[in-house]
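Worksheet: the structure to be examined is printed underneath.
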Amino acid sequence: MNSKLKIALMCVLAVLANVALSFFAARFLPAIFLDTVFAVAITFYAGLVPGLLVAAAFNPLVTFLYCAIHGSAFCVYDCLYAICGMLIVLATWFFSRDKKEFFFSREVTVLHLLAIAFSSAFLSFFAASALDTFVRPLFDSASGFSSFDNFSAILRRMNMGIFLSYLVPRIPMTLLDRIICTFAGFGIYRLALKIEQR
């Protein structure tokens, strides 16, 4: 199979797998998202551009599906959370782009994975909170599917600032999600390499 066609097919499968995992997480693991596992995996495997494409496609698709299932109008704002996924991909690529250094030793690999998890968590929860604080008010409504909305409303009633009310509840859940997604994505990448070598 042509290598470009192969990567394109893998990107499509990665988006669909992320959608499936996100629905699973929403149903059974509400504290985490699991929506970037395969975006991380494809970034490890194929680099920055395929990872960005997978991250950019996820939110519009999952927003459309959620709105169709719940019978609500399509919400453009929810698609903007793709920025968070793209920042996660960027952090993943930045710390893994030099594979020789990345695989220098098992300990170095783990340190790189932790750096990816923590940096992508910071970028993700900061960007999402900034979107909710400064961009969300420009839209008539959001879908309301976010698990953070209820927490944020409680914190605002406690006179916490708008930005902090969105940021604080995201920190522990996003960090947990990033650790799981980063290591799971790396595991899938390693599995794909082993399958190719057979």
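The values are calculated or read from the model by the stated rules, or taken from the named source; none is laboratory data. Keep in mind that what you see is a predicted model, and the values were worked out from it rather than measured. Glycine also receives a Cβ, built like all others from the backbone with ideal geometry; neighbour counts cover every protein chain displayed. Please note that ligands, DNA and RNA were not included when accessible areas were found on the heavy atoms of the full protein model with its side chains. Shrake-Rupley method; radii C 1.70, N 1.55, O 1.52, S 1.80 Å.
A few notes on this one:
- For MET86, the solvent-accessible surface computed with a 1.4 Å probe is close to 70 Å², ligands and nucleic acids excluded.
- Note on the chain: with a GNM built from Cα contacts shorter than 10 Å, the maximum mean-square fluctuation among ILE154, ILE116, ILE179 falls on ILE154.
- Alpha-carbon geometry of the stretch 8-101: the Rg and the Dmax are 13.6, 49 Å, given in that order.
- Per the Debye formula on identical point scatterers at the alpha carbon atoms of the stretch 93-198, with no solvent, log10 I(q)/I(0) at q = 0.17, 0.20 Å⁻¹ is -0.84, -1.00.
- Considering every alpha-carbon pair of the chain, the percent of pairs per 10 Å bin, from zero through the bin containing the longest distance, is 9, 35, 35, 16, 5, 0.
- Here the stretch 60-133 yields Rg over Rh of 1.17, to two decimals, using C-alpha coordinates and the Kirkwood radius.
- Reported to the nearest whole Å, the Cα centre-to-centre distance from the stretch 40-72 to the stretch 93-108 is 25.
- Listed by chain and number, the lysines placed with their C-alpha closer than 18 angstrom to that of LYS194 are LYS6, LYS99, LYS100; residues fewer than eight positions away on the same chain are left out.
- Highest-fluctuation residue, LEU34, LEU114, LEU65 considered, GNM on the chain with Cα pairs under 10 Å: LEU65
- Trypsin sites (Lys or Arg not before Pro) restricted to DSSP loop in the stretch 68-124 with at most 14 other C-beta within 10 Å: ARG97
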